[in-house]
Amino acid sequence: GVNYTHDRGVLATNVKKTGKYSMSFGKDDKEEDGGVFALEDGGVFFPLKSGTSYILKLNYYIKEHSDNNMGIRFVAAGYSNYYVAITNGSTGLTPEIVITAEQAKEQKGKWQTLTFVLDTTKLAKNADGTDQFKELYCFLSSGQGWEYYIDDIAITEVPKGKVAVAFQTE
């Protein structure tokens, strides 16, 4: 199972898809413009392997929204240093999926599922050939007035020689 290690966001029990908790973003901080969290597996950061593709699914629930869009994307960064993902464009694993205010109106109050394909084939290497960025972070962007929840993140490694494609029907 994948758990949450978070910088922004609060463990929530009031809105959840399954289990005991979800992660809540935006509600308690009026200046909040999104959030970031790392994924861990068994108490350690989820170990991204260079040259591997993954399918990642998550559920989200919009309780409140504003006229701004919300975006969700995944990046690779260093242990306890996700800022490198902001300053170094080579760490992006997925394009950003944008949920517009119009979509949020339709989706509000109902759990939704998103699917991402994570591509680690272009991650930067250290001089000795090891992976420079191994930790997996989720970046959430939204304006003030959003309150939303993330739950049930599942990651599947795509077997070598296979291809994964994710379509967003919206």
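The values are calculated or read from the model by the stated rules, or taken from the named source; none is laboratory data. Fair warning: this is a prediction, and the values are worked out from it, not measured in the lab. FYI the Cβ positions are ideal-geometry reconstructions off the backbone, even for glycines, and counts take in every protein chain you see. The protein model used for the area step is the full one, side chains on, heavy atoms only, and it has no ligands, DNA or RNA in it. Shrake-Rupley method; radii C 1.70, N 1.55, O 1.52, S 1.80 Å.
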(request) Could I have the simple spin-label model distance between Lys63 and Lys49, label points 7 Å from Cα toward Cβ, reported in nm to one decimal? (result) 3.9
(message) So, taking all protein chains as they sit and a 1.4 Å probe, how much accessible area belongs to Ser53, in Å² rounded to tens?
(response) 40
(message) Starting from the 7 Å offset along Cα-to-Cβ, what nm value, one decimal, do you get for the label separation of Tyr79 and Ile97?
(response) 3.0
(request) Determine the shape class of segment 90-146: with a ≥ b ≥ c the square roots of the Cα gyration tensor eigenvalues, call it rounded for a/c under 1.5, and otherwise prolate if a/b is greater than b/c, oblate otherwise. (result) prolate
(request) Report, to the nearest whole %, how much of the accessible area of segment 103-170 belongs to carbon and sulfur atoms, 1.4 Å probe, protein only. (result) 51
(message) Below 10 angstrom from the Cβ of Ser50, what's the summed charge of the other residues (Lys, Arg +1; Asp, Glu -1)?
(response) +3
(request) Of the listed pairs Lys57/Lys125; Lys108/Lys134; Lys134/Lys162; Lys49/Lys162, which have alpha-carbon separations greater than 25 Å here? (result) Lys57/Lys125; Lys108/Lys134
